[in-house]
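Novice: Dumping the structure here so I can ask a few things about it.
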Amino acid sequence: MKNTLKTTFLLSMLAGLILAIGSFWGQGGLVIALVIALVTVGGSYWYSDKLAIRSARAVPAGEAEYPEYYAIVRELAMRDNLPMPRLYISPDPQPNAFATGRNPAHAAVCITQGLVQYLDWYEIRGVLAHEMSHVKNRDILIGSVAAAIATAITFAARMAQFAMIFGGGRGDRDRNPIGELALIFLAPIAAMIIQMGISRSREYQADASAARLIGDGEPLARALEKLDRATRVIPGIADPAEASLYIANPLAGRRVMFAKLFSTHPPMEERIRRLRSGQWQR
């Protein structure tokens with residue numbers, strides 16, 4: 001409930017940024033920006049599973065080759081009263097996993113070859129419980145809404161910039177050039193930070209839901225410990241645009257400026273602490 005309220009609050013903040021930009025240069029162009037943003041992100045939402053699977057170079061996992069994979073997911077789906085998702089395997093040597101799809105009926109789960117090699121199935125069960133929790137919690141839908149609003153803010157800010165350059169927006173008497181410039185350049189950054197906050201909240205919730213699903217936080221805690229070490233030293237093939245989908249940040253080993261500020265994942269040590277402290281039982 002706490003994470004749900006936080007997500008709602010952050011989504012409201014994103015909507016507030018749109019209103020702030022709209023107050024600068026009127027409603028006509030903002031409506032156009034919103035339509036373009038929603039069409040763009042809406043297309044990504046409907047085809048999110050195909051885009052993510054293709055990005056990971058994944059192929060369908062055969063049950064004969066991965067019987068444990070199928071057995072665990074089938075058990076978890078039955079426990080949570082969910083449809084059996086499509087299962088994929090990625091050739092990525094970095095241990096990782098993600099779930100995608102617009103709803104439980106169109107869900108897909110993907111694990112990497114590195115995950116199978118680096119973790120045992122006790123730990124992978126914790127990982128898969130986490131991914132199935134994302135499916136049940138409809139985190140793809142929430143992420144798509146956040147992305148739509150954030151994209152609309154970026155479009156609106158760009159259009160406001162053009163309006164300012166070519167004399168659009170409010171009348172000269174009402175203009176505040178410094179405030180306008182700050183809004184144009186800082187609003188997209190603020191939207192990105194808020195969007196990252198939403199993603200982090202959903203990760204904590206999926207961790208807790210996974211522990212409740214299997215009645216134990218230790219399998220996922222052990223898995224996260226290994227993933228934290230591995231993602232720092234084993235290069236992966238994940239597209240940065242899809243990084244937020246993965247259970248562990250696939251870009252952890254890359255040196256990126258302001259990486260912690262713009263990270264889509266909460267600190268691993270805090271996730272592990274919560275799992276082992278029994279906080280998920282509350």
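The values are calculated or read from the model by the stated rules, or taken from the named source; none is laboratory data. What you are looking at is a predicted structure, and each value in this text was computed from that prediction instead of being measured. Counting neighbours? That spans all protein chains shown, and the Cβs are built from the backbone with ideal geometry, glycine included.
Novice: Please go through segment 116-134 and give me each residue that is over 19 Å from Arg271 (Cα atoms) and either in contact with a Cys (Cβ under 9 Å, 6 or more places away or on another chain) or buried (at least 24 other Cβ atoms within 10 Å of the Cβ) (or both), ordered by number.
Specialist: We begin by selecting, within segment 116-134, every residue over 19 Å from Arg271 (Cα atoms); these are 116-118, 120-121.
Scanning segment 116-134 gives no hits.
Novice: Tally time: how many residues in segment 47-83 are buried (at least 16 other Cβ atoms within 10 Å of the Cβ), under 26 Å from Leu251 (Cα atoms) and of a type in the set (Phe, Trp, Tyr)?
Specialist: Number satisfying all stated conditions: 1.
Novice: Continuing with the same structure: Take Ile111 and decide whether it is touching a residue at least 40 places away in the same chain (Cβ under 8 Å), within 21 Å of Ile214 (Cα to Cα) and more than 19 Å from the chain's Cα centre (by Cα). Full working, then the answer.
Specialist: On the way: touching a residue at least 40 places away in the same chain (Cβ under 8 Å): yes; within 21 Å of Ile214 (Cα to Cα): yes; more than 19 Å from the chain's Cα centre (by Cα): no.
When the stated conditions are applied, Ile111 does not pass them.
Novice: Out of segment 65-102, which residues are in contact with a strand residue (DSSP E or B) (Cβ under 9 Å, 6 or more places away or on another chain), among the aliphatic types (A, V, I, L, M) and either in a loop (DSSP other than H, G, I, E, B) or at pLDDT below 95 (or both)? Working first, answer last.
Specialist: Let us first name the residues in segment 65-102 that are in contact with a strand residue (DSSP E or B) (Cβ under 9 Å, 6 or more places away or on another chain), namely 65-66, 69-70, 73, 85-101.
Pick out the ones that are also among the aliphatic types (A, V, I, L, M) and you get 73, 87, 89, 97, 99.
Across segment 65-102, the qualifying residue is only Ala99.
Novice: Further question: At pLDDT 90 or above, touching a helix residue (DSSP H, G or I) at 6+ places or on another chain (Cβ under 7 Å), acidic (Asp, Glu) and closer than 29 Å to Glu75 by Cβ: does that describe Glu242?
Specialist: Details: at pLDDT 90 or above: no; touching a helix residue (DSSP H, G or I) at 6+ places or on another chain (Cβ under 7 Å): yes; acidic (Asp, Glu): yes; closer than 29 Å to Glu75 by Cβ: yes.
For Glu242, the condition - at pLDDT 90 or above, touching a helix residue (DSSP H, G or I) at 6+ places or on another chain (Cβ under 7 Å), acidic (Asp, Glu) and closer than 29 Å to Glu75 by Cβ - is not met.
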